[in-house]
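Take a look at the structure set out below.
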Amino acid sequence: MGKRLLQQRRGKASPSYRAPSHRYLGKISFRRLDDREIVSGKVIDLVHSVGHNVPIALVAYDTGERVMIPANEGLMVGQTVQCGAKAEVKEGNVLPLSAIPEGTAIFNLELRPGDGGRLIHSSGSYGYLASKETNLVTVRLPSGIFSTFNPACRAIIGVAAGAGRIEMPIAKAGKSHYMHHARNIQWPTTSAGSKNPVDHPFGGGGHQHIGKAQTVGHNAPPGRKVGSIGARRMGRKKK
């Protein structure tokens, strides 16, 4: 009898694959959405969170609120940041898309107004505001895709801090082990073709090859749902 696949064990949500959320500082978010046109705050600390790859800024606003937002390049402790529709278009400030000029670099973009930021908040990432219409704002995401958003969605001006993180060589396997261990990510991983037939559908054979079609439909059973799931196409494009 074969073993359960890695994705099956991970989907069970056992402690072996559960993220150590008790070690996370908390959720990054903007201050609550209200009608105030501008609110000032002060950066009281820059901290590292295990669950994020970008430095976290602790901001204390004049309203008494304390929030955690991803830090931008050049942000310092003691610096004053603003939030609101009338805030200055300056790095580190939080503004709605309707108040941001076209061509401005932004990050930690809200998917819906008030959700606190769902897109573009990894280290060194940024998008830019491409165009504005009456009820839609077009933003170029780091992937190169142009997507439209509600003008009331907020974002931070500038570039997320921590650029160059993935360019630094890891050098040792031990360092990679601790990097993955911090988030409870199973490492190292074994390729599917090098496993035994009982461990993976692509395993076995006289040499390492898949031996069957790599594409599989969405309705396949969990023990077979590996490879390119529901792929629209495979291979190189014909010119």
Taking the options Y24, Y17, name whichever one is within 21 Å of S125 (Cβ to Cβ) and among the aromatic types (F, W, Y).
-> Y24
Going through segment 205-239 in order, the residues found to be among the hydroxyl-bearing types (S, T, Y) and either closer than 20 Å to R9 by Cα or outside the structural domain of G193 (by TED's automatic domain parsing) (or both) are S228
Note on T134: of the conditions (1) in contact with a strand residue (DSSP E or B) (Cβ under 8 Å, 6 or more places away or on another chain); (2) of a type in the set (S, T, Y); (3) part of a loop (DSSP other than H, G, I, E, B), unmet is (1)
Inspect segment 151-162 for any residue being outside any loop (DSSP other than H, G, I, E, B), of a type outside the set (D, E, K, R) and not assigned by TED's automatic domain parsing to the domain that holds R31 and give the result as yes or no.
-> no
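Condition check ((1) surrounded by 19 or more Cβ atoms within 10 Å (Cβ to Cβ); (2) touching a residue at least 24 places away in the same chain (Cβ under 8 Å)) across all residues:
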residue: V39; (1), (2): no, yes
residue: K42; (1), (2): no, yes
residue: S49; (1), (2): no, yes
residue: V67; (1), (2): yes, yes
residue: M76; (1), (2): no, yes
residue: E88; (1), (2): no, no
residue: E91; (1), (2): no, yes
Where I185 falls short, out of the listed (1) modelled with pLDDT under 95; (2) over 17 Å from the mean Cα position of the chain (by Cα); (3) hydrophobic (A, V, I, L, M, F, W, C) | (2)
For segment 112-131, indicate whether the set of residues that are out of contact with any His (no Cβ under 8 Å at 6 or more places or on another chain), farther than 23 Å from E91 by Cβ, of a type in the set (K, R) and free of Cβ contacts under 8 Å to residues at least 60 places away in the same chain is non-empty.
-> yes
Being surrounded by 11 or more Cβ atoms within 10 Å (Cβ to Cβ), in a helix (DSSP H, G or I) and among the acidic types (D, E) is the filter here, so list the residues in segment 163-210 that pass it.
-> none
Restricting segment 85-133 to residues that are of a type in the set (S, T, Y) and over 20 Å from the mean Cα position of the chain (by Cα), the one nearest to A161 (Cα to Cα) turns out to be T104
Across segment 1-27, which residue is surrounded by the fewest Cβ atoms within 10 Å (Cβ to Cβ) among those that are among the hydrophobic types (A, V, I, L, M, F, W, C) and within 15 Å of R183 (Cα to Cα)?
-> A13
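The values are calculated or read from the model by the stated rules, or taken from the named source; none is laboratory data. Not measured: the values here are computed from a predicted model. Note: ideal-geometry Cβ built from the backbone for every residue, glycine included; neighbour counts use all protein chains shown.
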